[in-house]
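The values are calculated or read from the model by the stated rules, or taken from the named source; none is laboratory data. As the structure is a computational prediction, the values presented were derived from the model and not from experiment. All Cβ positions, glycine included, derive from the backbone under ideal geometry; neighbour counts span all protein chains shown. For the accessible areas, the whole protein counts, side chains as well, though only heavy atoms, and no ligand, DNA or RNA atoms are used. Shrake-Rupley method; radii C 1.70, N 1.55, O 1.52, S 1.80 Å.
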Amino acid sequence: MLLTSNIRAQLIDVLLLNIYAEKRVGYAVGKTGMAVTLLNVSRKLGQQYEYLEDHAISVLEETLAMEMEEPTFMNGNAGIGFGLHEIITDKLIDGDYDELFASRHDKVIAQIKALEYDEKNPFDCLDYLFFVNAVEDRISCEDKALCDSVLERLVDSHMSRFQSEFVRWNVRNMYYVFAIRLMAVINSLQSYSNGYFRRCRDLLLNNEMRLHTDDYISQYPIYYSYLYLTDLSFSRNEHSDESARLSDESLKNIITETLSFKELADVVYLSLRIKSVTDNRRKDLLSETIDRVTFEFTDDDIDRFECKLNKTMFASSDYNLGIYGGLWRVLILGWFRGNVDLGLFLGRYGRRRVS
């Protein structure tokens with residue numbers, strides 16, 4: 001048991017209340033991401049929840065009507081454009097991307113081409129790298145090449161800076177966050193034939209060998225799982241056994257009580273991804289990890305489970321209610337203890353048009 005109909009309804013009510021109260025309009029923590037969540041929940045759960053489409057489309061129309069100059073993926077036009085591209089491509093709504101978003105899209109591309117190195121902000125270039133590759137069919141070949149050139153140069157610059165300052169603990173910790181996000185981009189796009197991403201994979205592995213030799217251990221439980229998944233996804237090589245060992249050790253040593261709801265959700269998600277592509281030797285460990293971690297945010301006692309969710313919900317609303325958070329994953333993925341539904345994005349319901 002993970003979500004009873006009563007608890008699911010409570011979580012949806014929380015999303016609905018927050019989607020109208022939320023001032024931000026972006027994909028990661030704002031209205032666009034919440035609307036995408038509601039559309040996915042509506043499609044998965046069927047006719048009983050079709051009314052969520054009305055709310056989602058209302059919010060999307062409100063978002064598109066706003067003047068938005070912020071270009072970023074986190075809370076700006078790149079994220080809004082990606083969300084719109086995703087739901088139109090996935091046929092969650094009926095709409096024309098160019099008709100709805102062309103002028104903003106062109107502005108984002110122009111701003112990406114003009115980006116310059118900012119030592120204090122290493123993450124925007126990774127988010128834009130995801131945006132450009134995720135919506136590449138909506139970008140001219142010339143603009144795509146220019147954007148890739150700019151973004152890859154910026155990623156290289158940040159990586160070089162991290163490598164030159166690994167001795168500093170704060171730089172090392174920032175690198176781990178940077179590396180996780182870069183690996184998330186690579187694995188989300190599954191661009192394993194991309195020569196640049198292959199080079200990034202090799203650099204990430206070499207950096208880890210260096211850090212591990214110096215007894216630096218990441219405090220982020222998903223780092224080693226991402227490292228192994230990224231390594232495994234390209235092909236077997238001389239690093240695979242070592243990255244697998246680090247991943248296995250990390251999973252065995254996870255103290256689930258110390259993890260946030262988002263971290264718990266991420267561990268389960270990555271364990272499922274690895275389990276789907278790895279060999280039989282690790283499936284038992286991955287299954288045990290999934291059961292152990294899932295137990296932390298499930299409970300057969302409804303009252304206790306509701307207390308856990310309520311405690312989580314209001315601990316850090318930015319990350320739990322936004323698309324980057326944990327609660328939306330539970331709603332969309334429909335996890336059940338011992339039986340995780342990976343086919344949840346199958347099936348189609350009626351499409352609504354955004355105007």
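Remarks
- Residue check, A78 touching a Pro at 6+ places or on another chain (Cβ under 9 Å) and either in a helix (DSSP H, G or I) or under 15 Å from H105 (Cα atoms) (or both): yes
- Some residue of region 168-175 being modelled with pLDDT of 90 or more and not in a helix (DSSP H, G or I): yes
- A residue that is open to solvent by less than 80 Å² (accessible area, probe 1.4 Å), over 22 Å from the mean Cα position of the chain (by Cα) and farther than 11 Å from I222 by Cα can be found somewhere in region 266-281.
- Residue within region 89-96 that is in contact with a strand residue (DSSP E or B) (Cβ under 9 Å, 6 or more places away or on another chain), without any contact (Cβ under 8 Å) to a residue 24 or more places away in the chain, over 14 Å from G26 (Cβ atoms) and open to solvent by less than 30 Å² (accessible area, probe 1.4 Å) present: no
- Being over 20 Å from D248 (Cα atoms) and modelled with pLDDT of 95 or more holds for only one residue in E136, E142, and it is E142.
- So N173, is it open to solvent by less than 10 Å² (accessible area, probe 1.4 Å) and not charged (D, E, K, R): no
- Of the residues in region 221-236, at least one is within 27 Å of I290 (Cβ to Cβ) and out of contact with any helix residue (DSSP H, G or I) (no Cβ under 7 Å at 6 or more places or on another chain).
- Within region 26-36, the set of residues being crowded, with 24+ Cβ neighbours inside 10 Å and either modelled with pLDDT under 80 or outside any helix (DSSP H, G or I) (or both) comprises G26, Y27, G30.
- Checklist (1) of a type in the set (S, T, N, Q); (2) open to solvent by 30 Å² or more (accessible area, probe 1.4 Å); (3) outside any helix (DSSP H, G or I) applied to T72, failing item: (2)
- Top-ranked residue in region 103-122 [being more than 24 Å from E67 (Cα to Cα) and in contact (Cβ under 8 Å) with a residue 40 or more places away in the chain; ranked as surrounded by the fewest Cβ atoms within 10 Å (Cβ to Cβ)]: E119
- Pair list, Cβ < 6 Å and 6+ apart or interchain, from region 166-195 residues that are among the small types (G, A, S) to residues that are surrounded by 14 or more Cβ atoms within 10 Å (Cβ to Cβ): A179/L204; S191/F197
- Members of region 244-290 found to be among the hydroxyl-bearing types (S, T, Y) and modelled with pLDDT of 85 or more, listed by number: S247, S250, S271, S287, T289
- Qualifying residue in region 332-354 (condition: closer than 27 Å to D13 by Cα, modelled with pLDDT of 65 or more and crowded, with 17+ Cβ neighbours inside 10 Å): no
- Residue count for region 176-228, restricted to those that are under 18 Å from the mean Cα position of the chain (by Cα) and surrounded by 15 or more Cβ atoms within 10 Å (Cβ to Cβ): 23
- Test: residue in region 52-60 that is in contact with a helix residue (DSSP H, G or I) (Cβ under 7 Å, 6 or more places away or on another chain), surrounded by fewer than 16 Cβ atoms within 10 Å (Cβ to Cβ) and more than 21 Å from D124 (Cα to Cα): no
- Looking across region 282-295, just one residue is farther than 18 Å from Y226 by Cα and surrounded by 21 or more Cβ atoms within 10 Å (Cβ to Cβ), and that is T294.
- Applying the criterion of being within 19 Å of R153 (Cβ to Cβ) and of a type in the set (G, A, S) to the residues of region 176-230, the residue that is modelled with the highest pLDDT is A179.
- Region 151-167, residues that are open to solvent by less than 10 Å² (accessible area, probe 1.4 Å) and in a helix (DSSP H, G or I): L151, L154, V155, H158, M159, F162
- Residues being open to solvent by 70 Å² or more (accessible area, probe 1.4 Å), in contact with a helix residue (DSSP H, G or I) (Cβ under 7 Å, 6 or more places away or on another chain) and closer than 16 Å to I19 by Cβ - total across region 42-51: 0
- Hits in region 123-137 (condition: in a helix (DSSP H, G or I) and open to solvent by less than 70 Å² (accessible area, probe 1.4 Å)): D124, C125, L126, D127, Y128, L129, F130, F131, V132, N133, A134
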